[in-house]
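Enquirer: Just dropping this structure here.
The values are calculated or read from the model by the stated rules, or taken from the named source; none is laboratory data. From a predicted model like this one, the values you see are computed outputs, not experimental measurements. Note that we place each Cβ from the backbone using ideal geometry, even for glycine, and neighbour counts take in every protein chain shown. Heavy atoms of the whole protein, side chains included, go into the accessibility calculation; ligands, DNA and RNA do not. Shrake-Rupley method; radii C 1.70, N 1.55, O 1.52, S 1.80 Å.
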Amino acid sequence: QFLFVVTFTTFLLCCVEYDVLFANRPLNHSHTGGAAPDRSKVTLPDAILPAPQCAQRIRARGWVIFLLVMAAVFWLYRLVKVLCSLLSYWEIRAFYIKALNIPSEGLCNYSWQEVQARLISLQRRQQMCVHKRELTELDIYHRILRFKNYTVAMVNKSLLPVRFHVPLLGPIVFLTQGLKYNLELLLFWGPGSLFQNKWSLRPQCKRAGARRELARRLARTMVLLGLANLLLCPCVLVWQLLYAFFSYAEVIKREPGSLGARRWSLYGRHYLRHFNELNHELQARLSRGYKPATKYMNSFTSPLLTVLAKNVGFFAGSILAVLIVLTVYDEDVLTVQHILTAITLLGLVVTLARSFIPDEHTVWCPEQLLQRVLAHVHYMPDHWQGNASRSETRGEMAQLFQYKAVFILEELLSPILTPLILIFALPARALDIVDFFRNFTVEVVGVGDICSFAQLDVRNHGNPQWLSAGQTEASVYQQAENGKTELSLMHFAITNPRWQPPPPSELFLSHLKEKVQQDAAAAPPAQCILAEGPLGASLFS
């Protein structure tokens, strides 16, 4: 895709004669006899310049050559990275076939739990991890999700990402793929990162006496990385614009309403993610919550916007109807300049206007809809409870579940805003980040340094609102917000039923099971609930 975008864009810039294509300049076709040339008919080859003339145009534009050189360097870097990844993938394939006895053609028939069980069994037989005899499910998750757990914990403690208050727009949470890449470069695998390799934090990060010096170095690295992003901003911005255009232009033309569709934001994926939750587990959970979340967000309508959309749709639809009738009556109407453009744009306007008109049969019940969302995503701030109908709640939910148009806009603005965030906003948090890694890092034998929140220890990181008295010793700074430790523990125990949790966590799970059984016993029978409800009354009548 990268090669195609670069080549095709260069071709469009330097190898097309647009005056000929737009018929602004007449063509003198070679003709025999006395017949006059057909000056009105322009073929596609007429507008394409010969290769020598195209190459001459490229050489005459220094900025094009500069961008092509930058693109070539980036492509070579990507090529080396892909080749290294292929070697790694080949080793993984060999491990699955020879060690786990899972053939490539049958891999799609195995669940992750089956693969994990074979890996644990293999450790008992061959002791691949030499530092410990038994490998647990939690050890495997810690290895896979080492850096991801740190990121989820920093989002949970509101250390990342940076929040802004923009006039007229209110609070904004800005986290894009570009900013995420730079943060991972700073913290985990860059040349000056806090981790010295894939499994171990730098020794000075664990010493309290070195925290200020380390914070100054981290802040300086942030500024230097921001300046590097600022220098590369024009190239990255051009690429983002081109890639967005080639990716979404056809989709927008075919389905203009797709920009009004929603998706879980990158911030939302980190906010809603459990500790020790693999990508496919998170994706399955958020996919189940997609429809309830869409219904909840669509339940908010603006009467003024609805009236405006109905009128705009009526006016545009009326003009479009007349143009369609005229083209049906006489197809020569299509030869009129810009008539096809007008029909296309009017069609887009009508489709967009319809997307703002709510279904007249919709019943407004935001509290029930938000509870259905919560059943799948598992997290919501306490102040949302009982306030599902408020616009503030919807605005905060929109940060987690954003419009696709907002996602595209954020990615386009990322090359401009990411350097500014790295230079001006993040250095102030350098000391807090260093303290976070020092205070919340533990070394596990056979695994390496991991985030202590990922140990799912309710005694050290539990929330008193979720636990009985005396079950947690965590201070406000140490406890995870919104019950993330407890919910992550429940999710991991359900996903991995063979896992043996530590005693405090096992005690919490046993108390939870007892409470659920008591509530189930005290609840009325399902037949009574059905009979008393409108559905039951209708069925029994």
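Enquirer: Looking at (1) modelled with pLDDT under 95; (2) open to solvent by 10 Å² or more (accessible area, probe 1.4 Å); (3) closer than 27 Å to Lys198 by Cα, can you tell me which one Ala480 breaks?
Expert: Unmet for Ala480, out of (1) modelled with pLDDT under 95; (2) open to solvent by 10 Å² or more (accessible area, probe 1.4 Å); (3) closer than 27 Å to Lys198 by Cα: (2).
Enquirer: Additional query: Taking the condition of being more than 29 Å from Leu145 (Cα to Cα), among the hydrophobic types (A, V, I, L, M, F, W, C) and open to solvent by less than 90 Å² (accessible area, probe 1.4 Å), how many residues in region 196-235 meet it?
Expert: 5
Enquirer: Follow-up. Considering only region 412-468, state which residues are of a type in the set (A, V, I, L, M), closer than 30 Å to Cys233 by Cα and either open to solvent by less than 20 Å² (accessible area, probe 1.4 Å) or part of a loop (DSSP other than H, G, I, E, B) (or both). Can you show your working first?
Expert: First pass over region 412-468, keeping only residues of a type in the set (A, V, I, L, M): 412-413, 416-417, 420-423, 425-426, 428, 430-431, 433-434, 442, 444-445, 447, 450, 454, 456, 458, 467.
When the remaining residues are screened for being closer than 30 Å to Cys233 by Cα, the result is 412-413, 416-417, 420-423, 425-426, 428, 430-431, 433-434.
Across region 412-468, the qualifying residues are Ile421, Leu422, Leu426, Ala430, Ile433, Val434.
Enquirer: Something else about it: Mind telling me which of the residues Leu87, Leu107, Leu122 ends up being surrounded by 16 or more Cβ atoms within 10 Å (Cβ to Cβ), within 27 Å of Gly446 (Cβ to Cβ) and not β-branched (Val, Ile, Thr)? Reasoning before the result, please.
Expert: Numbers: Leu87 fails: surrounded by 16 or more Cβ atoms within 10 Å (Cβ to Cβ); Leu107 fails: surrounded by 16 or more Cβ atoms within 10 Å (Cβ to Cβ).
That would be Leu122, the only listed residue that is surrounded by 16 or more Cβ atoms within 10 Å (Cβ to Cβ), within 27 Å of Gly446 (Cβ to Cβ) and not β-branched (Val, Ile, Thr).
Enquirer: From the list Leu21, Leu12, exactly one residue is open to solvent by 50 Å² or more (accessible area, probe 1.4 Å), under 20 Å from Cys235 (Cβ atoms) and either modelled with pLDDT under 90 or among the hydrophobic types (A, V, I, L, M, F, W, C) (or both). Which is it?
Expert: Details: Leu21 fails: under 20 Å from Cys235 (Cβ atoms).
Sole residue among the options that is open to solvent by 50 Å² or more (accessible area, probe 1.4 Å), under 20 Å from Cys235 (Cβ atoms) and either modelled with pLDDT under 90 or among the hydrophobic types (A, V, I, L, M, F, W, C) (or both): Leu12.
Enquirer: Just for region 125-155: of the residues that are of a type in the set (D, E, K, R) and more than 19 Å from Pro502 (Cβ to Cβ), which one is most open to solvent (accessible area, probe 1.4 Å)? Break it down stepwise before answering.
Expert: Pass one, region 125-155, residues of a type in the set (D, E, K, R): 125, 132-134, 137, 139, 143, 146, 148.
Okay, now just the ones that are also more than 19 Å from Pro502 (Cβ to Cβ), so 125, 146, 148.
Values: Arg125: 150, Arg146: 18, Lys148: 52 Å².
Of everything passing the filter in region 125-155, Arg125 is most open to solvent (accessible area, probe 1.4 Å).
Enquirer: Condition first: assigned to a helix (DSSP H, G or I) and at pLDDT 95 or above. Now tell me which residues in region 238-275 satisfy that. Quick ask: steps written out before the conclusion?
Expert: Let us first name the residues in region 238-275 that are assigned to a helix (DSSP H, G or I), namely 238-254, 256-260, 266-271.
Residues satisfying the conditions are Leu266, Tyr267, Gly268, Arg269, His270, Tyr271.
Enquirer: Restricting region 324-356 to residues that are farther than 20 Å from Pro256 by Cα and of a type in the set (A, V, I, L, M, F, W, C), which is nearest to the chain's Cα centre (by Cα)?
Expert: Checked region 324-356; the qualifying residue nearest to the chain's Cα centre (by Cα) is Leu334.
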